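Peer 1: Got a structure for you, written out below as structure tokens; questions coming shortly.
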């Protein structure tokens with residue numbers, strides 16, 4: 001396993017595949033599946049996230065992962081940090097009482113939800129997902145955390161698509177991305 005952060009980042013970058021015209025013509029899809037398939041690449045992602053959190057957000061109480069690929073990285077990071085993990089799911093996927101927020105997608109609307117007792121007021125949360133494009137889903141998750149009266153300490157993604165300006169939608173919350181295109 002690569003020891004220094006730059007080597008880890010290069011390993012991660014080598015494991016991101018590009019698929020032109022998926023899921024529709026004109027879209028260049030960034031695929032993280034090779035990261036998940038390679039233990040060293042997955043470890044590098046979690047190492048880089050952990051280093052960032054320990055340096056920039058040592059006070060975090062919970063990692064909040066977004067449906068569904070935030071579930072792949074979030075629990076591993078939470079375990080490393082010794083904190084809890086919370087799911088933000090698509091509407092109708094969680095049992096019990098939930099809190100939800102509607103948000104706009106490129107072609108339509110969606111709703112995200114969290115169990116109403118998943119986050120306590122004042123808890124410091126860090127949101128995580130695989131990719132930031134336009135920012136709609138991550139913004140909705142931030143709104144859910146505000147409804148829960150959580151303190152959002154930041155957002156993290158593996159990949160950020162810079163030309164879509166999704167980080168603008170997240171302000172004033174900070175965004176940390178490993179790879180930018």
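Read the figures in this text as sums done on the coordinates, not as results from a lab. Just so it is clear, the model here is predicted, and its values are computed rather than measured. When we count neighbours, we look across all protein chains shown, and the Cβ atoms used for this are built from the backbone with ideal geometry, even at glycine.
Peer 1: Looking at the range 163-181 only, could you name the residues that are part of a strand (DSSP E or B) and touching a residue at least 24 places away in the same chain (Cβ under 8 Å)?
Peer 2: Within the range 163-181, 175, 176, 177, 178, 179 meet the criteria.
Peer 1: Right, another one. Tell me yes or no: at least one residue of the range 90-109 is within 22 Å of residue 178 (Cβ to Cβ) and free of Cβ contacts under 8 Å to residues at least 60 places away in the same chain.
Peer 2: For the range 90-109, residues within 22 Å of residue 178 (Cβ to Cβ) and free of Cβ contacts under 8 Å to residues at least 60 places away in the same chain: absent.
Peer 1: Anything in the range 140-162 that is surrounded by fewer than 19 Cβ atoms within 10 Å (Cβ to Cβ) and either on the phi > 0 side of the Ramachandran plot or free of Cβ contacts under 8 Å to residues at least 12 places away in the same chain (or both)? List them, or say none.
Peer 2: Answer for the range 140-162, where residues must be surrounded by fewer than 19 Cβ atoms within 10 Å (Cβ to Cβ) and either on the phi > 0 side of the Ramachandran plot or free of Cβ contacts under 8 Å to residues at least 12 places away in the same chain (or both): 146, 149.
Peer 1: In the list 58, 5, which residue meets the criterion of being without any contact (Cβ under 8 Å) to a residue 60 or more places away in the chain and under 19 Å from residue 154 (Cα atoms)?
Peer 2: Among 58, 5, only 58 is without any contact (Cβ under 8 Å) to a residue 60 or more places away in the chain and under 19 Å from residue 154 (Cα atoms).
Peer 1: Let me ask another. Can you name the residue in the range 16-35 that is within 18 Å of the chain's Cα centre (by Cα) and touching a residue at least 12 places away in the same chain (Cβ under 8 Å) and, of all such residues, is nearest to residue 132 (Cα to Cα)?
Peer 2: It comes out as 30.
Peer 1: Here's another thing I want to ask about it. Can you report the number of residues in the range 14-32 which are closer than 15 Å to residue 157 by Cα and assigned to a helix (DSSP H, G or I)?
Peer 2: Count: 0.
Peer 1: Let me ask you something else. Got a sec? Which strands (runs of 3 or more DSSP E) wholly within the range 53-118 have at least 2 residues that are over 18 Å from residue 150 (Cβ atoms)?
Peer 2: Fully inside the range 53-118 and qualifying: 98-105, 108-115.
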